[in-house]
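Please read the structure below before turning to the comments.
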Ligand SMILES: Nc1ncnc2c1ncn2[C@@H]1O[C@H](COP(=O)(O)OP(=O)(O)OP(=O)(O)O)[C@@H](O)[C@H]1O
Ligand SMILES: [Mg+2]
């Protein structure tokens, strides 16, 4: 019986007039997005390689060890072909040198704002938005459409059990929609190898998990369609309901989750932080001034009974000490202020991290978010991408600075113009060494941050579980509901 | 039950819908193998409700329907194995051809041994022209779909056939051929329960006729008894409020 109903469902899908059109659109879109993704990726690989040789060239021209500026690029990752994530939003490179703080700049979207308007459509987007709609389009009338057509009655005039029917119908719809989608996915993967994108076994693992997540996500919408078609008598109603659910799940819940998290975990604004910083600094300086005034009062008090000449002598004698005293107090205050600032910033970072965590947790109520988050985690184009690079660039910067100092000490020269005043030799001006004579062969090179497969896939386990759970719930709902469905 | 020839039986069937319409009120009748029982009655009299109970699409509020002795709402699957169904407005799958529709429903009905030629044969038997056999049902007229529905019922080859206004939508010639078809099915030993508004055809073909009004079976007579009577007048009388004769 299972087989008959599943076969029939497959045939119904394949023979449906809307199938060819929608399937062709989905396939084309998928191939197109992977193609564009591949082009983007290749462009960034070229740029990355160019930047490496450019760096060598710059080193040739460097005139000192400590003045080196290494423009360091983010390393492209082939997974970005499928999941662009935040990768186009954050800066592509940072100058790394001793004098400036590092800052990732020149994101794809800031260089070419036109792309920011329409955003790149990647595989994840297609699964998340297009395929979920595709699933709805074919399942919204799975049950109630049969009822409206009268075929449900005719089916149940036979010795068919309801449980068997609703299960085989759901599985049939699932297979019928999923199997054809394997074609564009395989073609996309072929495209990737055709363009000689190097994929390591580890990438294939991540891709496999990504595909598994996509399948589960798609499964949820197939079963949701079946569920809602068992909850309603008319297909026009179930279509409306499904569209509303789709908008809620794909568009609203993720954003609402972020807003709700903002309510639960208040994060002070930058202005607020600056205000508090300012307030603290002002009050500290006021205290400092009061203490300073008090000290001078005291000092004047000590000189109260003295004659002007003695007073002058006393002052000359103590002035240095007093200045040191005041200086120490000032430094202390400054340090307190700095400590406070650090604490505020740390606090802000913690709160932001907590906000992020709660927002992501809440948004996982929507399978669309669960899928998106897990896709980005797998591809490494997730929200941590920026901090991951900033951290490893920061440690590279310290390495570079330490290297510069060490080399300078070894070679005994500083770069640029060196002015020394010596009591015997007098004024001495010397320039750094000639260009190209510096030896950078042992200079540390930037190592892009590594994420192990485990790090990339660990969060996916939760999301895959959630997606499976949501799908099962939808299927169970459809099952329970159909046992009591009025087939007339 | 003592009579092993009884295939379909309604025993004091009553059905009250949720909105408290008493659609069936203590309806009892039997249909034997090789017998055609025609139910007449105004719209809303309860004919479809009766048939729905036999298929367990709805459960009776009181009484029971039996198929070959099996109480339908207790063991619906076993009962339905013995029943074939023709609804009043057959739709089937519009994107499938007639043959594909037949194939699906036959296999669902437990018959996996049919070949294409069997399907063609049955379709010709119900009067569907050959060139339509491999066309999608989307373009079919109501009568053509009805013929396919009847073919589905024949192919199931169940001992009992329940038909809800099967002749609606059939042209006069098809209607006539349909009656002949019913006749041969009866001669094969099928028990046939049919609801209809077609008094003349009913009288022509049925072995037994019941008239329903407001959920009650107000008259039941055999064909022989009716042979001498004017069924149309009788029908109108009963519709006007005549009650069951002693
Ligand atoms: N699902 C339902 N809910 C409530 N009442 C119903 C339902 N189906 C039928 N009825 C009522 O039950 C009564 C019998 O309806 P039924 O469909 O059995 O009549 P019928 O004899 O088949 O009429 P027709 O000749 O128009 O097909 C009617 O009064 C109808 O309004
Ligand atoms: Mg009816």
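Any read-out appearing in this document is the output of simple, stated calculations on the displayed coordinates, not a laboratory observation. These numbers come from a predicted model, not from an experiment. All Cβ positions, even for glycine, are placed from backbone atoms using ideal geometry, and neighbour counts span all protein chains on display.
What the table below lists for this structure:
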item: For the range A:65-204: rounded, prolate or oblate by the Cα gyration tensor [a/c cutoff 1.5]; result: prolate
item: Average beta-carbon neighbours from other chains, 10 Å sphere, peptide B:127-135; result: 0
item: Approximate spin-label separation residue A:469-residue A:52, in nm, with each point projected 7 Å along Cα-to-Cβ; result: 4.4
item: Averaged over A:160-171, number of beta-carbon atoms from partner chains that fall within 10 Å; result: 1
item: For peptides A:275-286, A:316-327, sequence by mean Cβ density within 10 Å, most packed first; result: A:275-286, A:316-327
item: Part-to-part distance (alpha-carbon centres) for the range A:131-170 and the range B:104-139, which is given in Å; result: 22
item: For chain B, calculated [θ]222 nm from helices alone, where every DSSP H run of n ≥ 4 adds -39500 (n - 2.57); result: -10500 deg cm²/dmol
item: Cα-projected label distance for residue A:450 with residue A:315, points at 7 Å along beta-carbon direction, nm; result: 6.7
item: Shielding of B:95-104 by partner chains, average beta-carbon count, 10 Å; result: 3
item: Principal-axis tilt of helix B:172-187 within chain B, Cα atoms, nearest 10 degrees; result: 80
item: Value at 222 nm in deg cm²/dmol, rounded to 500, when DSSP H runs of n ≥ 4 in chain A each add -39,500 (n - 2.57); result: -24000 deg cm²/dmol
item: The range A:2-80 versus the range B:159-227: alpha-carbon centroid distance in Å; result: 69
item: 0 to 90° range, to nearest 10: angle between helix A:235-246 axis and chain A longest Cα axis; result: 10
item: Highest-first arrangement of A:386-395, A:341-350, where packing means the average Cβ count within 10 Å; result: A:386-395, A:341-350
item: Crossing angle, helix A:201-231 versus chain A [Cα axis fit, 0-90 degrees, rounded to tens]; result: 50
item: Relative contact order (%) - criterion: Cα under 8 Å, at least six apart; region: chain B; result: 26
item: Separation of alpha-carbon centers, the range A:321-383 and the range A:174-209, rounded to whole Å; result: 38
item: Beta bridges per DSSP with both ends in the protein assembly as shown, % antiparallel, nearest 5; result: 65
